[in-house]
Amino acid sequence: MIADLDTLLTALYVELDDRIVPVRGFTRHGPGGRPEVTDAELTCIAVAQVLLRFDDERHWLRTASRLIGHLFPRLLRQSEYNARLRRLAPLMEAALRWLADATPATAELLRLMDATPVPCGQSAVTAKRSDLYGYAGYGYCPSHSRWYWGCKLLLVCTCDGTVTGFSLANPKLHGERDQARQTLERQPANRPAPGTAVVTDKGLSGQETEEYFAGPDLGLALIRPARKDEKQPRPFPNWLRQRVEAVIWTLKNQLGLERHGGRVPAGLWTRILQRLLALNACIWHNWMTGAPVKRSLIAYDHI
């Protein structure tokens, strides 16, 4: 199997149409004819948009017929595309989790956890008038030593970059410990299997947090670096910690996580799912094709 964009979109469409949509119950019922663009086709078109680095939907739909028209000859107008994409969020979430389960690396009892800012505005006026007010807030990014207005995305992933758990929170209302706890509590699909080692940073330090991870409900081993005020040494795999930083870099720089363009909560959530699905789809396809670097997107970012 060839590792290129056409092959990836074809394989993803077959997986969606034959397995994910019918098994997860996303088939359409009730009156009305078959839509001109099916949910499986629209999901593949959304993945192609991210991989080809089109952040603006109008620009993408003007160019899509030339780039992927040989695969998907029927396209939507911009307003319909945006509305359909928001309604497609549950399917995209189900698809990225399905592809994660189908990736061999998820069988390993090792996960990487980290949070990253998702800026949603730059001005004080935006913070007061935006429809994201209440969902987004002011938070501090220690990696860049700066404040931002937006949300915080928490990721749980494998060593090859497959995202197995995620959540979005207001950084002003929820700290990293609180967000991690709610991520694992509220949705069982985010929880790693008992006995899994979770590598994270100093943000999850504290005896209460470690006891929660090691408790009977989760049974996870928390691996983090020692704080400066801790006398007991903690062996920590810094090289492994850099893996999750590389995954975040891929999401931000290659898949445009910070250029999401979301202006309302549903739009923001959909655009984040769109990028996570694109990442998992590429890693899943790289495993199928035997690519040496599973997180590499080079084969899919051009026609």
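The values are calculated or read from the model by the stated rules, or taken from the named source; none is laboratory data. This is a predicted model, so every value here is computed, not measured. Note that we place each Cβ from the backbone using ideal geometry, even for glycine, and neighbour counts take in every protein chain shown.
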So Glu211, is it out of contact with any Lys or Arg (no Cβ under 9 Å at 6 or more places or on another chain), assigned by TED's automatic domain parsing to the domain that holds Thr158, assigned to a helix (DSSP H, G or I) and among the acidic types (Asp, Glu): yes
Only one of Arg271, Arg234 is without any contact (Cβ under 8 Å) to a residue 12 or more places away in the chain and either under 15 Å from the mean Cα position of the chain (by Cα) or under 26 Å from Lys294 (Cα atoms) (or both); which? Arg271
Complete set of residues in the range 89-102 that are within 15 Å of the chain's Cα centre (by Cα) and in contact (Cβ under 8 Å) with a residue 24 or more places away in the chain: Ala89, Pro90, Leu91, Met92, Glu93, Ala94, Ala95, Leu96, Arg97, Trp98, Leu99, Ala100
If I filter the range 243-254 for residues that are hydroxyl-bearing (Ser, Thr, Tyr), assigned to a helix (DSSP H, G or I) and more than 27 Å from Glu185 (Cα to Cα), do I get at least one hit? yes
Kindly establish whether Pro73 is at pLDDT below 95 and under 17 Å from the mean Cα position of the chain (by Cα). no
Selected residue [assigned to a helix (DSSP H, G or I) and touching a residue at least 24 places away in the same chain (Cβ under 8 Å)] from Leu61, Leu75, Leu85: Leu85
Please work out which residue is surrounded by the fewest Cβ atoms within 10 Å (Cβ to Cβ), limiting yourself to the range 132-159 and to residues that are small (Gly, Ala, Ser) and at pLDDT 90 or above. Gly137
Checklist (1) surrounded by 15 or more Cβ atoms within 10 Å (Cβ to Cβ); (2) among the β-branched types (Val, Ile, Thr); (3) over 21 Å from Val163 (Cβ atoms) applied to Val264, failing item: (1)
Would you confirm whether or not the range 245-252 contains a residue that is farther than 30 Å from Arg58 by Cβ, among the charged types (D, E, K, R) and more than 18 Å from the chain's Cα centre (by Cα)? no
Just the residues that are of a type in the set (Ser, Thr, Tyr) and assigned to a helix (DSSP H, G or I), please, taken from the range 168-208. Thr183
Subset of the range 1-57 [farther than 24 Å from His260 by Cβ, polar (S, T, N, Q) and assigned to a helix (DSSP H, G or I)]: Thr7, Thr10
Given the criterion assigned to a strand (DSSP E or B), touching an Asp or Glu at 6+ places or on another chain (Cβ under 6 Å) and among the small types (Gly, Ala, Ser), identify the matching residue among Ala105, Ala115. Ala115
Does the range 213-242 hold any residues that are within 20 Å of Leu184 (Cα to Cα) and exposed (fewer than 14 other Cβ atoms within 10 Å of the Cβ), and which are they? Ala214, Gly215, Pro216, Asp217
Does the range 160-167 include one or more residues that are crowded, with 16+ Cβ neighbours inside 10 Å, at negative phi, in a strand (DSSP E or B) and among the small types (Gly, Ala, Ser)? yes
